[in-house]
Amino acid sequence: MPAPRGPRRRKARRRADMPLLGGARPPIAALLALLLAVAGTTALLLGDRGDTAADTAVLTSQQHVAEDGALSLRASLDESITDLERAAAQFSGAGSAAPDTVLDSLGKVYNKWRGTAVVDPAGGTLLAARGETIPLATVLKGPAGKTGANGGTPDDKDGILGPRLVKLPSGETRMLVVTALRGGEGTRLLVASGTLNVPGISADEDRSLLVVDSAGTVLASDGPSVARKSWAREARRTAAAESAKTPGTAGGHPGASGHLMGERRGDVRTAVGYAAAGRAPGESSAAGALGLSVITSVKVTGDPTAVRTQTFGLAAAGILLVLAVLVVWVLLRTIQRPLLRLYLESRRLARGDLDRPVRRFKGREAARTGAALESLRGQLLGGRPTRAGRARGGFGTRSTVVVCALVLLAWAAPLLLFLNRPGASVSVPRQLVDDQRRRTDTASDRVRKALNEGWADVASVAQTLAAGARTDGAAPADGKDRATADRAVLERTLREHGRYRSVYVIDGKGEVLSRAGDSPRHPAGTPPRADGVAQLTTSGKEPAVAAYAAVPGAGGRAVVGEYDTQFLISMVTRPGLGQVWLVDKENRILAADRNHGFRAFSALPSGHLDALADTARKHDGRTTGTATLHRAGGSSDIAAAAPFTGGGAVRDLDWQVVSSQPTSWLELPEYTAQRRTMLAGLLGVTAAVACLGWLHIVVVRPLRALADRAEALAGGDRKTVLFPQHHDEAGAVVRNLELIRQRLTRPSGRN
């Protein structure tokens, strides 16, 4: 086939010499593609949503409520199991106590079990019992109903020891905990029976709570009966299936959790949350292996109003399309086209085609380079070197890129900073306020129970020390030996319980007799506090909180367990609850959510939180706390306060838990639209900055350097070798300038 001739041949040669990679084409093409993608994404992100105002936010809230309940249930069961195992270990040994003495001592310290018993596993004989009757046949069988080896010897080969769930003839469910008492009289079984209670979440006429096992069977319930409803069966099956999966941690909860929407009747729907009381990988939790799950449901009234953003999204996308076309057209006209023409003119001069003058260019850098090429053409024709100074004014490529960036930012900045802002008047479903109160109640109850359990542990240690202070009920043991034995008990307690920073024994004058852990913070020379939990300090870097338990018959001696601040912090840290604080009776902060940090004994961050805490404290007869939706200064938050209720060792503390959840953190449609609008603006900013920055680096800066080199060459600099740094349009012009320099340095001039 013959080669093309005339204009077609020249165009073919021009295309063959053009650089294929780099230069102005890729960033400009990428900018156009990204802006088109951002425009499409904006139209999709801001499309109208048919969801009602309560759907997503309320469903997520129910999931968090179920997670709180599952965590509380697991912690309560684990504590019961640990307490019984510790008690069995303390009463084991060569001089082990009689069965009746063991059960009496347990009853003095713990009141959580409905029944306790000591059983001889060899013959199944009941040696001692307190409280309700325990099904002994179940005790001597493993989880699969199989009798243990050797008549039930508690070596746990067949799973006799540990917790299990049993069904009583009355239909109630009990958790049996079986542990071994090993001593001089042989091995016996210590058994405790506890009620499987619904977690400490307040229920009402609209909320139901269920505890189900791995088969979906309801073990405990509270609130309206929902057992026969189809969504309840679906929730139980889902929760059972999820809890049976491999334990894991999702969203901060150790175990499976989720939510679903129940049946709808008119405007009333049922929002359901479920969570398995499982354990994270590597975590030790006996209760986490029982396969329990918590299901919560609440009736919510639908809000037919939807946030309308479709028109806004289409308008924003259309404006961006127009701006994208305009910006790309400007970049093509002012940067890419002049750069390509400079390449063609420089190539013509480098090949010796000097008949036609170099065309004039618009734009500062292109005009400077064009003027230099015209001067070089004259020199190649025999003229003298001259400084090319024409066309130094005009609009530069850097200014062009800056203006294009400002145009695109003018579209993105309002989306990112101003538009679709709901303000403080956003509609917040009442259910979210109620859920904030319930979750704060649960957090308060969790802290109260943890402190009470800590005191019970300290009281159990005191009972153990009292028993160890005597030798067969005769004379007191030697002081040095007693201190060594006491220290061993304290160290074991500190090792088994992470809630304490230190455990120690003091006498009636406050002097430390033995200790384990950090330095005691009980005031020296001060007699022990009364039995219970006490706040030792009201200022300083770290709050000092301790549990006191007198040692029976020890002349004023007492065991003190100081709580670790990190333990208190872990008690109030829950996802989806916002900022949470544990405060004393003067509203001074003792612990706070670890995600936000705190300064010990500082005030609450807002006056309305202090007022809410004072209001909750005045209504101390309530079983639940107080919650409110607070609006001020263009923002709003859901705040709740829940004082300690239920008494126990913390009855004199007058503490409470206060929480605050900014409504902007909730998944409400108004805030969802705001976040999506901000996302669209952020995408626009990212596309503009990335592509125009790319263009500035690979084109604008090399083009400015190219103009300087061309002018230097036209001014008579023949020694500086010019070499391209990149294979693009600017690099091709530099390569042609080097060819021109070589022609000028030859003696023959034009040849």
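So which pairs qualify, if the first residue must be in segment 649-672 and more than 15 Å from Asp610 (Cα to Cα), the second must be open to solvent by less than 10 Å² (accessible area, probe 1.4 Å) and among the charged types (D, E, K, R), the Cβ gap must be under 8 Å, and the two must be at least 6 apart or on different chains?
Leu653/Asp584
Which one is modelled with the highest pLDDT among residues in segment 23-75 that are crowded, with 24+ Cβ neighbours inside 10 Å and β-branched (Val, Ile, Thr)?
Checking each candidate, the answer is Val38.
Residues to consider are Leu604, Leu568; find the one that is over 21 Å from Gly498 (Cβ atoms), within 24 Å of the chain's Cα centre (by Cα) and surrounded by 17 or more Cβ atoms within 10 Å (Cβ to Cβ).
Just a single option satisfies the conditions, and that option is Leu604.
Only one of these is touching a Phe, Trp or Tyr at 6+ places or on another chain (Cβ under 7 Å) and assigned to a loop (DSSP other than H, G, I, E, B): Leu653, Leu722. Name it.
The match here is Leu653.
Yes/no matrix, rows are residues, columns are (1) closer than 21 Å to His630 by Cβ; (2) over 23 Å from the mean Cα position of the chain (by Cα):
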position: Trp655; (1), (2): no, yes
position: Ser659; (1), (2): yes, no
position: Pro662; (1), (2): yes, no
position: Glu667; (1), (2): yes, no
position: Glu670; (1), (2): yes, no
position: Arg675; (1), (2): no, no
position: Leu683; (1), (2): no, yes
position: Ala688; (1), (2): no, yes
position: Cys691; (1), (2): no, yes
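If a residue has to be closer than 17 Å to Leu494 by Cα, surrounded by fewer than 18 Cβ atoms within 10 Å (Cβ to Cβ) and not charged (D, E, K, R) to count, how many in segment 514-565 make the cut?
Residues meeting the conditions: 1.
Report, by residue number, each residue of segment 76-96 that is part of a helix (DSSP H, G or I), of a type in the set (Gly, Ala, Ser) and in contact with a Ser or Thr (Cβ under 9 Å, 6 or more places away or on another chain).
Ala87, Ala88, Ala89 - these are the residues of segment 76-96 that are part of a helix (DSSP H, G or I), of a type in the set (Gly, Ala, Ser) and in contact with a Ser or Thr (Cβ under 9 Å, 6 or more places away or on another chain).
I'd like the residue in segment 704-726 that is of a type in the set (Gly, Ala, Ser) and in contact (Cβ under 8 Å) with a residue 40 or more places away in the chain and, out of all such residues, is farthest from Arg368 (Cα to Cα).
Looking at residues that are of a type in the set (Gly, Ala, Ser) and in contact (Cβ under 8 Å) with a residue 40 or more places away in the chain, I get Gly716.
Considering segment 396-437 alone, what residues qualify as being part of a helix (DSSP H, G or I), touching a Lys or Arg at 6+ places or on another chain (Cβ under 8 Å) and open to solvent by less than 40 Å² (accessible area, probe 1.4 Å)?
Hits for segment 396-437 are Thr397, Ala424.
Looking at segment 522-545, I want the residues that are closer than 11 Å to Leu590 by Cα and have a partner that is part of a loop (DSSP other than H, G, I, E, B) and open to solvent by 50 Å² or more (accessible area, probe 1.4 Å) with Cβ atoms under 8 Å, at least 6 apart or on another chain. Which pairs are those?
Thr537/Arg521; Thr538/Glu586; Ala544/Arg521
Only one of these conditions is not met by Arg617: (1) part of a strand (DSSP E or B); (2) closer than 30 Å to Tyr110 by Cα; (3) without any contact (Cβ under 8 Å) to a residue 60 or more places away in the chain. Which number is it?
So Arg617 meets the others, but not (1).
Find all pairs meeting these conditions: Cβ atoms under 6 angstrom apart; at least six residues apart or on different chains; first residue within segment 332-350 and more than 13 Å from Leu376 (Cα to Cα); second residue open to solvent by less than 20 Å² (accessible area, probe 1.4 Å) and modelled with pLDDT of 85 or more.
Between residues of segment 332-350 that are more than 13 Å from Leu376 (Cα to Cα) and residues that are open to solvent by less than 20 Å² (accessible area, probe 1.4 Å) and modelled with pLDDT of 85 or more, the close pairs are Thr334/Thr400.
Checking Gly194 against (1) touching a Lys or Arg at 6+ places or on another chain (Cβ under 9 Å); (2) buried (at least 16 other Cβ atoms within 10 Å of the Cβ); (3) farther than 19 Å from Ser80 by Cα; (4) modelled with pLDDT of 70 or more, which single condition isn't satisfied?
Answer for Gly194: the failing condition is (3).
Output yes when any residue across segment 339-357 is open to solvent by 20 Å² or more (accessible area, probe 1.4 Å), within 13 Å of Leu706 (Cβ to Cβ) and among the hydrophobic types (A, V, I, L, M, F, W, C), and no when none is.
Scanning segment 339-357 turns up no residue that is open to solvent by 20 Å² or more (accessible area, probe 1.4 Å), within 13 Å of Leu706 (Cβ to Cβ) and among the hydrophobic types (A, V, I, L, M, F, W, C).
Can you tell me which residues in segment 496-536 are under 30 Å from Val572 (Cβ atoms), small (Gly, Ala, Ser) and in a loop (DSSP other than H, G, I, E, B)?
Gly498, Ser519, Ala530, listed by residue number.
Of all residues in segment 656-670, how many are part of a helix (DSSP H, G or I) and among the β-branched types (Val, Ile, Thr)?
1
Scan segment 674-682 and tell me whether some residue there is surrounded by 24 or more Cβ atoms within 10 Å (Cβ to Cβ), in a helix (DSSP H, G or I) and among the hydroxyl-bearing types (Ser, Thr, Tyr).
yes
Does Val658 satisfy the condition of being touching a His at 6+ places or on another chain (Cβ under 9 Å) and of a type in the set (A, V, I, L, M, F, W, C)?
Taking the combined requirement at face value, the residue does not satisfy it.
Within segment 97-181, which helices (runs of 4 or more DSSP H) (wholly inside it) include 1 or more residues that are at pLDDT below 85 and within 45 Å of the chain's Cα centre (by Cα)?
Qualifying helices (runs of 4 or more DSSP H): 99-109, 136-139.
For Gly597, state whether it is on the phi > 0 side of the Ramachandran plot, outside any strand (DSSP E or B) and surrounded by 19 or more Cβ atoms within 10 Å (Cβ to Cβ).
no
What about Thr334, is it open to solvent by 50 Å² or more (accessible area, probe 1.4 Å), within 18 Å of Ser399 (Cβ to Cβ) and β-branched (Val, Ile, Thr)?
Against the criterion (open to solvent by 50 Å² or more (accessible area, probe 1.4 Å), within 18 Å of Ser399 (Cβ to Cβ) and β-branched (Val, Ile, Thr)), Thr334 qualifies.
Can you tell me which condition His596 does not meet? The list is (1) modelled with pLDDT under 85; (2) closer than 26 Å to Arg492 by Cβ, and all the others hold.
Of the numbered conditions (1) modelled with pLDDT under 85; (2) closer than 26 Å to Arg492 by Cβ, the odd one out for His596 is (2).
Pairs needed: first member in segment 81-98, open to solvent by 50 Å² or more (accessible area, probe 1.4 Å); second member anywhere, modelled with pLDDT of 75 or more; C-beta distance under 7 Å; at least 6 residues apart or different chains.
Cβ pairs passing all conditions: Glu85/Thr179.
The values are calculated or read from the model by the stated rules, or taken from the named source; none is laboratory data. Treat the numbers as computed from the prediction; the structure is a model and nothing was measured. Backbone-built Cβ (ideal geometry, glycine too); neighbour counts: all protein chains shown. Surface areas here come from the heavy atoms of the whole protein model, side chains and all, with no ligands, DNA or RNA. Shrake-Rupley method; radii C 1.70, N 1.55, O 1.52, S 1.80 Å.
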